[in-house]
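Scroll down for the structure; my scribbles are underneath it.
The values are calculated or read from the model by the stated rules, or taken from the named source; none is laboratory data. Keep in mind that what you see is a predicted model, and the values were worked out from it rather than measured. So basically every Cβ, Gly included, is an ideal-geometry build from the backbone, and we count neighbours across all protein chains shown.
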Number of protein chains: 4
Amino acid sequence: MRKWISLSLLLASFVLMSFTLNKKKKVVFFGDSITQMGAEPGGYIRLMEDLIKSENQTNEFELVGAGISGNKVTDLYMRLEKDVLSKQPQIVLIYIGINDIWHKRLAGTGTDYVKYTEFYDAIVKKLQAANIQVVVCTPSVIGERKDHSNEQDGELNMYSNWLRNYAKVNQLPCVDLRTEFQNYLIANNPSNVEKGLLTSDRVHLNAKGNQFVAEAIWKTIKDLK
Amino acid sequence: MRKWISLSLLLASFVLMSFTLNKKKKVVFFGDSITQMGAEPGGYIRLMEDLIKSENQTNEFELVGAGISGNKVTDLYMRLEKDVLSKQPQIVLIYIGINDIWHKRLAGTGTDYVKYTEFYDAIVKKLQAANIQVVVCTPSVIGERKDHSNEQDGELNMYSNWLRNYAKVNQLPCVDLRTEFQNYLIANNPSNVEKGLLTSDRVHLNAKGNQFVAEAIWKTIKDLK
Amino acid sequence: MRKWISLSLLLASFVLMSFTLNKKKKVVFFGDSITQMGAEPGGYIRLMEDLIKSENQTNEFELVGAGISGNKVTDLYMRLEKDVLSKQPQIVLIYIGINDIWHKRLAGTGTDYVKYTEFYDAIVKKLQAANIQVVVCTPSVIGERKDHSNEQDGELNMYSNWLRNYAKVNQLPCVDLRTEFQNYLIANNPSNVEKGLLTSDRVHLNAKGNQFVAEAIWKTIKDLK
Amino acid sequence: MRKWISLSLLLASFVLMSFTLNKKKKVVFFGDSITQMGAEPGGYIRLMEDLIKSENQTNEFELVGAGISGNKVTDLYMRLEKDVLSKQPQIVLIYIGINDIWHKRLAGTGTDYVKYTEFYDAIVKKLQAANIQVVVCTPSVIGERKDHSNEQDGELNMYSNWLRNYAKVNQLPCVDLRTEFQNYLIANNPSNVEKGLLTSDRVHLNAKGNQFVAEAIWKTIKDLK
């Protein structure tokens, strides 16, 4: 008799567990060094987990970092199978583009605008073919000056314009980090400095920047159906 | 007796002529291909002469083109003696900076921001040492999109910020072409195209662009004391 | 009776045809504009067919062009499935690298050395997984000066060194176009001009260049087991 | 009588001193960071003084460093008056070109080949107008690989070709550092490493490199009439 009870309990807990496990949405954050650092303690992914906890939704979401330093859209395309599809996520947030632009200047090895859009679209198509919900992100900043006078603002705006329109046309949620950063800097950068507000070095997020991105992305992720 | 009269008249007319000649202010336009083309028929310098004529000031100004295609600030520095100082102008308008930025992308041979400011200042100092009045110009555009999404808008804004401040600190008149173009494009480029409004090819002025620049510069030049 | 005979003949011819068809080795040439133009009349692929015909091996080889203008190694990786694997070739010759280097200077969008090797290796692995024989090619030239004074000779040599070693380590046949061009130019470019011997514009093959490449590749292809 | 003697001695020593002073040839080394470091203890200029001493020619030469980090040919042109002509040297050695090429890749701000030649020639002309003997130097290395596979070998060779020919046509002594380095590396770099033989970082001279350059330049300087 006892045996039956314990067995039933065991089964019940398995059922509950699997129910719980199934309910958790796995979100993969697919990106570059900003996302690689975002998965470390204090990073935006870890801070988003705190937000999730504070809203008692810990059982709803599992956050997985898939960022690699120096990555461009072509690198994401190459490691899509191994680093994302194999993890069978429900949601993938793509946060890529800064190196595609930055490396034009740094090393002559950025990504052509048209190629950027082609590889980006190819990634989205493959994710959708695996029934994964895609969230688009515009590239934040390379330099924090608020008056469009950072060296590569023009290209960041150009690529962001495409991303916003692509998200709209394809009905994908879009975390418009570029606009959110811009608005924050207009309000908070009176002396027009090029770093130190949300980034430590013009590109990589400092503590405040990680918190800022965590909140910006969470606003979108939490409401995904 | 008659002889004396005709001689007196002759002398008088010489005096008048030389008076007239002395009164003409010689303005040298010192720049790149935009200014080289500005000196050709239909160019902004020739159109400015029409404005001068329509305001009956033909006897006041002599306009001289000194633009050479592909020039950067370093080239102006090198040919300052030969092409400008030797002409003994009263006024020099410096319109340089587009190639300094553009060639970074075109050929890897633009001008570092700090070097740009150093050579620019060295040119101004030499002109002032020759008692020449200097007029500063901000670089117009590389691409006519109105929303800061032209590839090199960031650098054009960065270099223009320096020029505006340099003019202010050194009490030089400044024709802020960059801002004037920007305002015109916001008002007149609803579909956000990258060329065809004031330029033919994103950089070089079309007929309307030459007229626009002629008027913008004339507003400043006409009031110089 | 006749019926049987004609039927037998029909069957026999089918068998022969299928035998013939099966015997033909399909070779896909995978590359950039040089290969795209190589598939046009007078191009190196078409000239190689003439060589094949003159050696009575028309029934042995089927040559298929898969070159697209402007392509880099990342583009080949993206269209590998659609443009190569889907055609089920026995042999694939990869002729890529010039734009990966050239575009560093042209547009700031070349391919980092390490990324080049990673994408290249990923392509080879996928081809080998489909039992396809891979032939490696070193990039020919960007400029025909013979004394290592073409602007991007250093990088062409650097990437070629990697390709030669990669081919050796992985026991892949390698058509060393770079060395063959170099040797030809040392012998035939006494005035050290930068184009007009094997190329029309420093990069794309002229008639002689197409013939030269056809012969160089054919030497390797004809002997593949 | 004594008075006369001491006066005569005094005069004689003045004459001797002035003779000695006049005899010393002042050599200015005009260049970039390599030359700036060359003027520090252990640098090539200081080591050349040791060579001069060992050959008992200390009274013949006075060596003056005029190198500034990051300089290109345009910078030398700008500071020619202040840093060279004002010092009234008999000899000026120009060692410039590495940043003109390197910065194309580093920052998009190198010097066009044609502009390099124009500014170089303008510097030489100004030095010659001041009766100064000019010594030309080819740029050493950006990377020490011996097989023409350093990223920017092509351009270093291209600019060096021009310098060698310019020196020849204008009958200027030329210290062909590029060729001397190349020969040294072919003999001494069996594993084809990119730094550590004559440079510490592919460009700047280590102790051995400073000694090497001191000797190479001294060979030419010592025999100047």
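Among what's in the range B:209-225 and is touching a strand residue (DSSP E or B) at 6+ places or on another chain (Cβ under 9 Å) and surrounded by fewer than 16 Cβ atoms within 10 Å (Cβ to Cβ), pick the residue that is modelled with the highest pLDDT.
Ranking the qualifying residues of the range B:209-225, first place goes to B:219.
Applying the selection to the range A:77-105, what residues are more than 10 Å from every other protein chain (Cβ to nearest Cβ) and not in a helix (DSSP H, G or I)?
Hits for the range A:77-105 are A:84, A:88, A:89, A:90, A:91, A:92, A:93, A:94, A:95, A:96, A:97.
Residue under question is residue B:110, and the condition is that it be over 15 Å from the mean Cα position of the chain (by Cα), closer than 26 Å to residue D:108 by Cβ and among the small types (Gly, Ala, Ser); does it hold?
Yes; evaluated as a whole, the condition is true for this residue.
Looking at C:153, C:176, C:201, which one is within 13 Å of the chain's Cα centre (by Cα), among the charged types (D, E, K, R) and closer than 20 Å to residue C:32 by Cα?
C:176
Restricting attention to the range C:43-81, which residues are small (Gly, Ala, Ser) and touching a Gly at 6+ places or on another chain (Cβ under 7 Å)?
Matches in the range C:43-81: C:65, C:67.
Provide a single number: the residues in the range B:106-117 that are free of Cβ contacts under 8 Å to residues at least 40 places away in the same chain and either out of contact with any Asp or Glu (no Cβ under 6 Å at 6 or more places or on another chain) or more than 10 Å from chain D (Cβ to nearest Cβ) (or both).
Going through the range B:106-117 one residue at a time, the tally reaches 5.
Suppose we keep only residues that are surrounded by 14 or more Cβ atoms within 10 Å (Cβ to Cβ) and out of contact with any helix residue (DSSP H, G or I) (no Cβ under 8 Å at 6 or more places or on another chain) within the range B:182-192. Which one would you say is nearest to residue B:93 (Cα to Cα)?
Looking at the filtered set, the residue picked out is B:182.
Only one residue in A:89, A:139 is under 21 Å from residue A:197 (Cα atoms) and either of a type outside the set (Gly, Ala, Ser) or in contact (Cβ under 8 Å) with a residue 12 or more places away in the chain (or both), so which one is that?
Exactly one residue qualifies, and that residue is A:139.
With respect to the numbered conditions (1) in contact with a Lys or Arg (Cβ under 7 Å, 6 or more places away or on another chain); (2) crowded, with 22+ Cβ neighbours inside 10 Å; (3) within 14 Å of residue A:95 (Cα to Cα), which one is the sole condition not fulfilled by residue A:174?
Here residue A:174 meets the rest and fails (2).
Can you name every residue in the range B:38-74 that is under 30 Å from residue D:119 (Cβ atoms) and without any contact (Cβ under 8 Å) to a residue 40 or more places away in the chain?
Passing the criteria: B:39, B:40, B:63, B:64, B:65, B:66, B:67, B:68, B:69, B:70.
Filter the range A:151-175 for residues that are under 26 Å from residue B:159 (Cβ atoms) and either of a type in the set (S, T, N, Q) or without any contact (Cβ under 8 Å) to a residue 40 or more places away in the chain (or both) and give the result.
Residues satisfying the conditions are A:152, A:153, A:154, A:157, A:160, A:161.
Taking residue A:74 as the residue in question, decide whether it is assigned to a helix (DSSP H, G or I) and either among the β-branched types (Val, Ile, Thr) or touching a helix residue (DSSP H, G or I) at 6+ places or on another chain (Cβ under 8 Å) (or both).
Judged against the criteria, residue A:74 is a match.
For the range A:48-75, give me the residue count where each residue is within 11 Å of chain C (Cβ to nearest Cβ) and not polar (S, T, N, Q).
Residues flagged as within 11 Å of chain C (Cβ to nearest Cβ) and not polar (S, T, N, Q) within the range A:48-75 amount to 4.
Can you find a residue that is without any contact (Cβ under 8 Å) to a residue 60 or more places away in the chain and farther than 21 Å from residue A:49 by Cβ anywhere in the range A:205-223?
no
Applying the selection to the range C:169-194, what residues are farther than 14 Å from residue C:147 by Cβ and outside any helix (DSSP H, G or I)?
C:170, C:171, C:172, C:173, C:174, C:175, C:176, listed by residue number.
Select from the range D:118-167 the residues that are surrounded by fewer than 22 Cβ atoms within 10 Å (Cβ to Cβ), within 14 Å of chain C (Cβ to nearest Cβ), among the polar types (S, T, N, Q) and assigned to a helix (DSSP H, G or I) and list them in ascending order.
Hits for the range D:118-167 are D:161, D:165.
Check off (1) more than 14 Å from chain A (Cβ to nearest Cβ); (2) aliphatic (A, V, I, L, M); (3) over 19 Å from the mean Cα position of the chain (by Cα) for residue B:193 and give me the number that stays unchecked.
Result: residue B:193 passes all but (1).
Just a yes or no: is a residue in the range A:93-109 of a type in the set (Lys, Arg) and surrounded by 21 or more Cβ atoms within 10 Å (Cβ to Cβ)?
Within the range A:93-109, one or more residues are of a type in the set (Lys, Arg) and surrounded by 21 or more Cβ atoms within 10 Å (Cβ to Cβ).
Can you say whether residue C:150 is modelled with pLDDT of 95 or more and farther than 22 Å from residue B:104 by Cα, as far as the supplied structure shows?
no
Just to be sure, is residue D:172 away from chain C (no Cβ under 14 Å) and either of a type in the set (A, V, I, L, M) or under 30 Å from residue D:25 (Cβ atoms) (or both)?
yes
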